[in-house]
Structures are given as C-alpha cells and as structure tokens.
Amino acid sequence: MKIIEATDYKDMSKIAADYIIQKVNQSPKIKLGLATGGTPMGIYSNLIADHKKNGTSYQAVTTFNLDEYVGLSGDNPNSYRYYMNDNLFNHIDIQKNNTFVPRGTVGDVVKECESYEDLLTKHKGIDLQILGIGANGHIGFNEPGTSFHSQTHVVQLAPSTRQANARFFSSLEEVPTKAITMGIATIMKSKEILLLVSGEVKKEALKRLLTENVDEKFPASVLKNHPCVTIIADKAAIAGLKVHS
Ligand code: PGA
C-alpha cells in the first residue's frame, strides 16, 4: 500500500480529487466506485469546482456506489442516492442512468444484492474505487467479522456505526438498522483503490490497518492483499504513526 500524507482534510480532498480528475481525463469511460459519508464530501466539491472551471466531462463515466440504507428511498435526504445526487451528480454532466446505487426500498433486497453484483460483472468491474474507513475498520458497510469472500449483501449495522452516522439524522432511532453493501470480495475486485482517512477519530483505525495482520476481525486489513491501494491520510489521522510509504 502506498501512503500519501496530506496536511489536513482540505489537502487530502484536493489530492484525491486531482487524482480522480486525471484518471477521468485519461480514460473518459472510467468506472468509478464511490463512497458516501463525511470523508468524500470534500472530494466531490473539488470535482464539481473543477468541472465548472475546467470542463472535465463525466458524460461517459459510470459510477457504482458502495452501499445504501435498507428502507430509505432515493428522495429521502438521508439515503445515499440522495447524497450522491445532491453532493455530486446534480452538479456535473454525468448521465444519471450511468450512476448506480443499490436500491434500499425494493421488495426483495436479497435479489437487489444479486442484481447489483450482476451489474458490476456485466460492466466488467470498477476501475477506481474510493473508500473511507469506519473507526471499527469497516469498509463499505462490511462490519468486523464479515467474510472476505462476501459479495453484495444485506447487513445488520453495528451499534457503533449507527451511532457514528446518527449525526446525519435527527435522532439515533431514525438511523436504519440494515443496509445493502458491496461485499469485501466485490470491493477487492476493483482494479485500484483510494482509501481516504481523515481526523483524529480515524487514527486508531489507521494504526490498526498499518500494524495488524490481515484478519476478518478488521475488514480494512484485507486491503493489504490488494495490488494497488493508495492511502491518503491527513496529519490528524497519521501523526505519530510509523509509516513506510
Ligand atoms: P465517514 O464514514 O466518512 O462518515 O467517517 C466512513 C465510513 O464509515 O466508512
């Protein structure tokens, strides 16, 4: 894993966005794997600013999101479909029918997982996946203990994850208890992965990632088995850790 140290959140977001922009310009038909939550917000605002200023085009880009809450429809402001539209898709020239987010309100969520996995296979996989990390090491919504062989599936969210995400809802009770997530094997099929780590709150997770063995108890550790991972971490997350980049 290659590690890039950024000064702060803003710098981390800019470095990641510049990297993505360069990839989109090189390969206009790139298939991007996207993430939600607090971490990638700054990347998306940089992509929008660049699109407006420099005209980087997303006309031929296809995107696949990592996850979605079960029970929230795309017009619910807390759904990840809404987040993506609001924070990125509505502000660039991407074709909405080339943007895929698992659907959390279909009758049969298990079937939705299978269809999502089939869709990824049909598109021959993701070229560049953006990832955040949970304080407990989750990637996507793959909580500790998830099989490294997992494909897109329905998960029960860990209490700590619901707690961490409650900041986006008006109360903890409103945070859904289940989600659809790409599995760990699904994520690992991406040709390249960018992992963003920001803030003191992620320091312990980053330390564990860099120092512990590959183990299903700490999902992000699987990334050590991937041939092309770049971690971009800010000072608050990486300070004091011994890193060999
Ligand atoms: P965050 O979430 O970006 O909101 O911190 C990351 C994650 O839980 O994967």
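What follows draws every value from the coordinates through simple rules; no lab data is involved. Keep in mind the model is a prediction, meaning the values are calculated, not measured. Here the Cβ is made from the backbone with ideal geometry for all residues, glycine too, and neighbour counts use every protein chain on show.
Here are some notes:
- GNM top mover of Leu119, Leu196, Leu131 - the chain, alpha-carbon springs below 10 Å: Leu119
- The magnitude of the dipole of the range 2-238, with charges of +1 and -1 set on the Cβ of Lys/Arg and Asp/Glu and taken from the Cα centre, is near 500 debye.
- For the cross-link pairs Lys52/Lys191; Lys124/Lys242; Lys53/Lys202, the ones whose C-alpha atoms lie over 31 Å apart are Lys124/Lys242; Lys53/Lys202.
- Overall form of the chain: rounded. Here a/c, set by the Cα gyration tensor axes a ≥ b ≥ c, is under 1.5.
- Potential extension, Asn54-Ala158 segment - 0.36 nm per residue separation minus Cα distance: 33.3 nm
- For the pair the range 143-167 / the range 1-33, the C-alpha centres are spaced 26 Å from each other.
- Count Lys and Arg as plus one, Asp and Glu as minus one, and take only other residues whose Cβ is under 15 Å from that of Thr177; the net charge is then -3.
- Rounded, prolate or oblate (a/c below 1.5 giving rounded, otherwise prolate when a/b exceeds b/c) for the range 16-112 by Cα gyration tensor: prolate
- Site pair Asp8 and Asp108 shows an inter-label distance of 5.1 nm when each label is modelled 7 Å from Cα along Cα→Cβ.
- Sites His123 and Phe168 - FRET efficiency at Förster radius 22 Å, r taken between beta-carbons, to 0.05: 0.15
- Take every DSSP beta bridge whose two residues both sit in the chain; close to 30 percent of them are antiparallel.
- Where labels lie 7 Å past Cα in the beta-carbon direction, separation of Asp215 and Ser147 in nm: 2.1
- Helical runs (DSSP H, four residues minimum) scored at -39500 (n - 2.57) apiece and divided by the length of the chain put the mean residue ellipticity at 222 nm at -9500 deg cm²/dmol.
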